[in-house]
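Here's the structure, in structure tokens; my notes come after.
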Amino acid sequence: MTDKWTTPPKPYTEATLLRAMETAGKMVEDEELRDALKENGIGRPSTRAAIIETLFRRHYIRKEKKSLWATPTGVELIEIIHEELLKSAELTGLWEKKLRMIERKEYLAQTFLEELKQMVTDIVSAVLNDKNPRQISVSVEPAKSKKGNKK
């Protein structure tokens, strides 16, 4: 008998994260939502790189060599969001599904907008009524000097 150890998944690189955004449907259990995500993934090809840059700019992720790692700020943000749907690809899949239904005249755009407004209202209300103290620390790493630059 041999001992086998599981290994943690490899960290994302920018290229593998872009690919994961393209194929986000693979991680969704609901078949209908997975199909909706298969067509578009998360974001659009023209916006995916900008989404990743925003994660860097807000100090949610950092790069070590080619690997991407969550910063303490990014980890804290995910931990304080209680609404699981907000942290999942399913929400994007749900929206994509409804947008496709609107295109086919099977769903009213006004209904979709009202649902979005209600969701935001409910989430904001839940956050305002949550009495647990929350704080996110933003740790900004000092900029690394580039080779050849003198300080």
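The numbers here are math on the coordinates, done by the rules we state, and not lab data. For clarity, every value in this text was computed on a predicted model and none was experimentally measured. Every residue, glycine as well, gets a Cβ built from its backbone with ideal geometry; the counts of neighbours run over all protein chains shown.
Quick notes on this structure:
- Cα lying deepest toward the dipole's positive end in the range 3-151, options Ser125, Leu99, Ile61, charges on Cβ: Ile61
- Inter-centroid distance (Cα atoms) of the range 55-96 relative to the range 1-34, Å: 15 Å
- Charged-residue dipole, Cβ positions (Lys, Arg, Asp, Glu), the chain about Cα centre, Debye nearest 20: 1380 debye
- Ordering Ser88, Thr47, Val28 by Cα displacement along the dipole of the chain toward the positive end leaves Thr47 in first place; charges were set at the Cβ atoms of Lys, Arg (+1) and Asp, Glu (-1).
- In the chain, helices alone account for a calculated mean residue ellipticity at 222 nm of -16000 deg cm²/dmol, with every DSSP H run of four or more residues adding -39,500 (n - 2.57).
- Using a cut-off of 30 Å between Cα atoms, the listed pairs Lys65/Lys87; Lys66/Lys87; Lys26/Lys63; Lys65/Lys97; Lys4/Lys26; Lys38/Lys87 include Lys65/Lys97 as exceeding that distance.
- Relative to the longest principal axis of the Cα atoms of the chain, helix 109-129 runs at roughly 50 degrees.
- The phi torsions of the range 17-24, fed into the Karplus equation with coefficients 6.51, -1.76 and 1.60 and a -60° offset, translate into couplings of 5, 4, 5, 5, 5, 5, 10, 4 Hz, rounded to whole numbers, with Gly and Pro shown as x.
- Ascending count of other beta-carbon atoms within 10 Å, so fewest first, for Trp95, Trp5: Trp5, Trp95
- Residue with peak Gaussian network fluctuation, the chain [Cα springs, cutoff 10 Å], from Lys131, Lys26, Lys98: Lys131
- Relative to the globular-protein estimate of 2.2 N^0.38 Å, the Cα radius of gyration of the range 1-131 stands at 1.26.
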